[in-house]
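Enquirer: Before we start, here is the structure in question, set down as structure tokens.
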Amino acid sequence: MTLEDLWMQRICQGQVANVLNLYTPNAILVATFAPAPLTTHTQLKNYFIKFIGGKPGLCRRGEALREVAG
């Protein structure tokens with residue numbers, strides 16, 4: 001399984017903690033839906049809570065993200 005596949009699997013599971021485990025403590029994320037780079041794990045956590053939280057149908061069969069920007 002590639003890192004991309006693992007990331008997508010964890011996003012589709014909706015488990016923020018599992019997604020964050022893929023990032024080192026000093027990771028910097030230039031996120032698609034963030035106005036500036038995210039430089040702390042707290043920022044990454046808040047981003048992923050918003051990104052995947054409360055979006056039924058975000059992933060269908062683990063193949064694609066749906067309703068991400070909504």
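Enquirer: Beta carbons within 10 angstrom, averaged per residue: use that to sort the peptides 37-47, 1-11, highest first.
Expert: Top to bottom by mean Cβ count within 10 Å: 37-47, 1-11.
Enquirer: Now, a different point. Rounded to the nearest percent, how much of the accessible area of the range 1-56 (1.4 Å probe, protein heavy atoms only) is carbon and sulfur?
Expert: 58
Enquirer: Right, another one. For Cys59, which sequence-distant residues (separation of 5 or more, or a different chain) have an amide H within less than 5 Å of its own amide H, given hydrogens modelled in the peptide plane?
Expert: Arg66
The values are calculated or read from the model by the stated rules, or taken from the named source; none is laboratory data. Please read these numbers as outputs of a predicted model, since none were measured by experiment. All Cβ positions, glycine included, derive from the backbone under ideal geometry; neighbour counts span all protein chains shown. Surface areas here come from the heavy atoms of the whole protein model, side chains and all, with no ligands, DNA or RNA. Shrake-Rupley method; radii C 1.70, N 1.55, O 1.52, S 1.80 Å.
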